[in-house]
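Engineer: I have a structure I would like to understand better, so I am pasting it below and will then ask my questions one at a time.
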Amino acid sequence: MGDARIAVLGAGANGASIGADLFEAGHDVTLIEQWPAHVERMRTVGLTIVTEGEERTVRPRAIHLCEVAEERAPFDVVLMLMKAYDARWAAQLIAPLLAESGVMAGVQNGMTTPAVRDAVGAERTVGTVIECSATMFEPGLVHRHTGRESAWFATGLVEGGDPARESVVTELLSAAGRVEHFEDIESAKWMKLVSNATLLVSSAILNLPMLDAMHLTGYRELMIELGDEALRVGAALGHATLPIFGLSEQQVRDPSRVVANMTDQLFAGFVRPGATTTVLQDWQRGRRSEAEDLNGHVVLMADRVGIEVPANRRVLELARRIERGEVRPDPALLGEMRVG
């Protein structure tokens, strides 16, 4: 990568973790973040990453989101880790600072690749899937639950994309975890959406860490119902069923077993005790979550293709009620998710 300038746009828990890995690998990294206290803490004290009891502090360059307009030199690579609902405006914000020979990757949940492509063009776009877990409740302090040895990423091109630029993104993400290439990156991203639809919002509604939710009677069955609905919608949209984050081809061959196999793989390889989802973290901080971009997107696409998704619809409505302040996350809500 030489002297390439790299921007991590969105330095929350995952963005900060990846930024720290890149900084330690010797890259010229700028973290761009919209939480003022977090930026100031990184500037004055540094960024501390805690992984399985080990603590390290790094001092990458950090700027406020409002300071993007003051940047003069272009970035060669932008890794965008904003919330899915912020993807479109954030990609447009940083687009003028992306070098003509540069590349931007949306390292996010949700189907955000089109937002990147629309902002910077297909040639400068790389589609990306992320599977890692981290939490951050204090400025400048990240608890990373999946270290470099277990974090997983996928990359791929949209039509008109440049393989050389994908290689750049792959090389960078390799500093933070294992990376796989997918010819059909949008199908890979839909498979990640299937996985997210099973767990992220539903366990947050229960106000529980992911492993704790799995211990509730009937919760795993709910997860599989949510995922099966999302898988059917994806098939109707033309998305292929692909083996992501370490699944084998055989494990995705039987449609009736895909979501169950994916769920088992997720909990075996990525979920750690005490880890909560990004949705619950947002609610605990009084923030809007990505529910509309997860189960909400499944419902939206299901309506377009004429498929019934009652479980996803129930989960989405409960998430909306929580965000309106009508109910609070609670384990007792499992019954409402399972029964219409």
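Read-outs: derived from the displayed coordinates by stated rules, not from any lab. Quantities reported herein were computed from a predicted structural model and do not represent experimental measurements. FYI the Cβ positions are ideal-geometry reconstructions off the backbone, even for glycines, and counts take in every protein chain you see.
Engineer: Rounded, prolate or oblate, given the Cα gyration tensor of region 232-340, with a/c below 1.5 counting as rounded? List each step's numbers first, then the result.
Structural biologist: Values: a/c = 2.06, a/b = 1.33, b/c = 1.56.
Judged from the Cα gyration tensor, region 232-340 comes out oblate (a/c at least 1.5, b/c at or above a/b).
Engineer: Taking only Cα atoms, what is the 0 to 90° angle, nearest 10, from helix 163-173's long axis to the longest principal axis of the chain?
Structural biologist: 80
Engineer: Can you check what the net charge comes to around residue 245, using other residues whose Cβ is under 12 Å from the Cβ of residue 245 (Lys, Arg +1; Asp, Glu -1)? Could the numbers behind the result be given before it?
Structural biologist: Working: positive: 178, 192; negative: 131, 180, 264.
Local net charge: -1.
Engineer: May I pose another question? Quick check: net charge around residue 4, other residues with Cβ under 11 Å of its Cβ, Lys/Arg +1 and Asp/Glu -1? Mind showing how you got there, number by number?
Structural biologist: On the way: positive: 5; negative: 3, 28, 76, 171.
Result for the local shell: -3.
Engineer: Then there is this: With θ set to phi - 60°, apply the Karplus curve 6.51 cos²θ - 1.76 cosθ + 1.60 along region 21-37 and write out the HN-Hα couplings as whole Hz, x wherever there is a Gly or Pro.
Structural biologist: Calculated HN-Hα couplings, in order: 4, 5, 4, 5, 7, x, 8, 7, 10, 10, 8, 10, 9, 9, 8, x, 5 Hz.
Engineer: To continue, here is another question. Report, by chain and number, residues whose modeled amide H sits under 5 Å from the one on residue 98, excluding near sequence neighbours (fewer than 5 apart, same chain).
Structural biologist: 75
Engineer: Now, a different point. For residue 248 and residue 184, compute 0.36 nm times the residue count separating them, minus their Cα-Cα distance, and round to one decimal in nm. Numbers along the way, then the final one.
Structural biologist: Details: separation 64, 0.36 × 64 = 23.04 nm, distance 1.64 nm.
Result for the pair: 21.4 nm of gain on full extension.
Engineer: Going highest first, how would you order 101-110, 190-199, 148-157 by mean Cβ packing within 10 Å?
Structural biologist: Working: 101-110: 25.0, 190-199: 26.8, 148-157: 20.2.
In decreasing order of mean packing, 101-110, 190-199, 148-157 become 190-199, 101-110, 148-157.
Engineer: What full-extension length gain, to one decimal in nm, is calculated for residue 4 and residue 221 as 0.36 nm per residue of separation minus the Cα-Cα distance?
Structural biologist: Values: separation 217, 0.36 × 217 = 78.12 nm, distance 4.71 nm.
Fully extending the segment from residue 4 to residue 221 adds 73.4 nm.
Engineer: Still on this model: How much length would be gained if the chain were fully extended between residue 167 and residue 336, taking 0.36 nm per residue of separation minus their Cα-Cα distance, in nm to one decimal?
Structural biologist: That works out to 56.3 nm of additional length.
Engineer: If Lys and Arg each add +1 and Asp and Glu each add -1, what is the summed charge of the other residues whose beta carbon sits under 11 Å from the beta carbon of residue 42? Please report the intermediate quantities before stating the final value.
Structural biologist: Numbers: positive: 41, 43, 59, 61; negative: 33, 40.
Net charge around residue 42: +2.
Engineer: Right, here's the next one. Just going by the charge dipole of region 174-249, with Lys and Arg at +1 and Asp and Glu at -1 on Cβ, which of 239, 190, 206 is farthest out on the positive end?
Structural biologist: Looking along the dipole axis, the top candidate is 206.
Engineer: Now, a different point. Please list, short to long, the whole-number percent of alpha-carbon pairs of region 167-326 in consecutive 5 angstrom bins beginning at zero.
Structural biologist: 1, 9, 17, 21, 20, 17, 10, 4, 1, 0
Engineer: Would you mind getting me the FRET efficiency between residue 88 and residue 148? Use the beta-carbon distance for r and R0 = 41 Å, nearest 0.05.
Structural biologist: Calculated transfer efficiency: 0.85.
Engineer: Here is a follow-up. I'd like the FRET efficiency for residue 55 and residue 321, computed as 1/(1 + (r/R0)^6) with the beta carbon distance as r and R0 of 56 Å, rounded to 0.05. List each step's numbers first, then the result.
Structural biologist: On the way: r = 39 Å, r/R0 = 0.69.
Efficiency, rounded to the nearest 0.05: 0.90.
Engineer: What number, in percent, do you get for the relative contact order of region 5-181 if the mean sequence gap of Cα pairs under 8 Å and at least 6 apart is divided by its residue count?
Structural biologist: Values: 395 pairs, mean separation 40.4, N = 177.
Contact order relative to length: 23 percent.
Engineer: Select one label from [x] 69, 39, 38; [y] 82, 56, 37; [z] 55, 41, 34: the one whose number is Cα extents along the principal axes in Å as derived from the coordinates shown.
Structural biologist: Calculated Cα extents along the principal axes in Å: the matching label is [z].
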